1. Between a residue in segment 56-73 that is open to solvent by less than 30 Å² (accessible area, probe 1.4 Å) and any residue that is at pLDDT below 90, which pairs come within a Cβ distance under 6 Å, given they are 6 or more apart or on different chains?
2. Could you tell me whether segment 82-93 includes any residue that is buried (at least 21 other Cβ atoms within 10 Å of the Cβ) and touching a helix residue (DSSP H, G or I) at 6+ places or on another chain (Cβ under 9 Å)?
3. Only one of Glu140, Glu124 is over 23 Å from Leu18 (Cα atoms), open to solvent by less than 70 Å² (accessible area, probe 1.4 Å), part of a loop (DSSP other than H, G, I, E, B) and of a type outside the set (Gly, Ala, Ser); which?
4. Just the residues that are touching a helix residue (DSSP H, G or I) at 6+ places or on another chain (Cβ under 8 Å) and touching a residue at least 24 places away in the same chain (Cβ under 8 Å), please, taken from segment 122-134.
5. Select from segment 81-106 the residues that are closer than 22 Å to Ile163 by Cβ and out of contact with any Leu (no Cβ under 8 Å at 6 or more places or on another chain) and list them in ascending order.
6. If you check Thr132, Thr169, Thr156, which single one turns out to be modelled with pLDDT of 95 or more and either surrounded by fewer than 21 Cβ atoms within 10 Å (Cβ to Cβ) or more than 18 Å from Gly74 (Cα to Cα) (or both)?
7. Find the residue count for segment 81-112, including only residues that are among the hydrophobic types (A, V, I, L, M, F, W, C) and assigned to a loop (DSSP other than H, G, I, E, B).
8. With the requirement that a residue be hydroxyl-bearing (Ser, Thr, Tyr), more than 16 Å from the ligand (Cβ to nearest atom) and closer than 14 Å to Ala25 by Cα, what does segment 123-181 give you?
Amino acid sequence: MSFSLDDLIPISALQHVLFCERQYALIHLEQLWAENQFTAEGKVLHERVDAEHHESRRLFRQEYGMAIRFLEKGLIGKCDLVELWFSGDGKVKRVSPVEFKRGRQKADDVDRVQVCAQALCLEEMFDITIETGQLYYLQEHRRSDVVLDEEIRRKTLALIDRIRAIGETGRTPSADYESKKCDRCSLIDSCMPKHTGIDSRSVDHFIQSQLRSVKNAYADNETE
Ligand code: SF4
């Protein structure tokens, strides 16, 4: 299956949809974005990583900021770091994505899904199987392995399908306030989860009905 430019899914969308489906829709369907402390720190870290130099030895190479894609599923993105090992005849024999994060290891799968999505791209690009990727958490100053087992692969592929399903409805899911995630969400001011139990389509209908009332009132005035 081939995808048009508009149908391509950025890897970041997988993390957003896993964190909150409304956040995904606000960012990727309604093009809303707001920085907060967490996103700003993450951005600075990734700019620093992207500016790093490549390390290259005869049978090993590090590539920073590599553009990646998974054509089969229409997924695109960029890897903070890709490490490549070569055999003596110059063929790629092992590939591993490394993702840098500003905080500490999380209990949920948001970061693991990102590494898995990167690995799916790299597997297709290099026609290779990747068994592990890595996460580097700045506050812990160490890398940890991400085992790319069937479970995380299934979850990652299901998220891609979920994104396509939400896109097909063209509808932003309604807000569902959860203090643990909403209070650290950069979109809390636009989303207003405590006050709006309504979705964008409802807002749209409300605006349209108000416009119709104004139009009707104007037409009544004209005929009087
Ligand atoms: S504020 Fe809460 S409901 Fe709204 S987008 Fe963010 S996480 Fe989702």
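1. So the pair list comes out as Gln62/His54; Gln62/Glu55; Gly65/Asp50.
2. Among the residues of segment 82-93, at least one is buried (at least 21 other Cβ atoms within 10 Å of the Cβ) and touching a helix residue (DSSP H, G or I) at 6+ places or on another chain (Cβ under 9 Å), which makes the answer yes.
3. Sole residue among the options that is over 23 Å from Leu18 (Cα atoms), open to solvent by less than 70 Å² (accessible area, probe 1.4 Å), part of a loop (DSSP other than H, G, I, E, B) and of a type outside the set (Gly, Ala, Ser): Glu140.
4. Correct list: Ile128, Ile130, Gly133, Gln134.
5. Scanning segment 81-106 gives a single hit, Lys106.
6. Details: Thr169 fails: modelled with pLDDT of 95 or more; Thr156 fails: either surrounded by fewer than 21 Cβ atoms within 10 Å (Cβ to Cβ) or more than 18 Å from Gly74 (Cα to Cα) (or both).
Within the list Thr132, Thr169, Thr156, the selection yields Thr132.
7. Matching residues across segment 81-112 total 1.
8. Residues of segment 123-181 hydroxyl-bearing (Ser, Thr, Tyr): 129, 132, 136-137, 144, 156, 169, 172, 174, 177, 179.
Add one more test, that the residue is more than 16 Å from the ligand (Cβ to nearest atom), and what stays is 129, 132, 136-137, 144, 156, 169.
Listed by number, the list holds a single entry, Thr169.
The values are calculated or read from the model by the stated rules, or taken from the named source; none is laboratory data. As the structure is a prediction and not an experimental result, all values here were calculated from the model. Cβ atoms come from the backbone with ideal geometry, glycine included; neighbour counts cover every protein chain shown. Areas reflect the complete protein model, heavy atoms only, side chains present, ligands, DNA and RNA absent. Shrake-Rupley method; radii C 1.70, N 1.55, O 1.52, S 1.80 Å.
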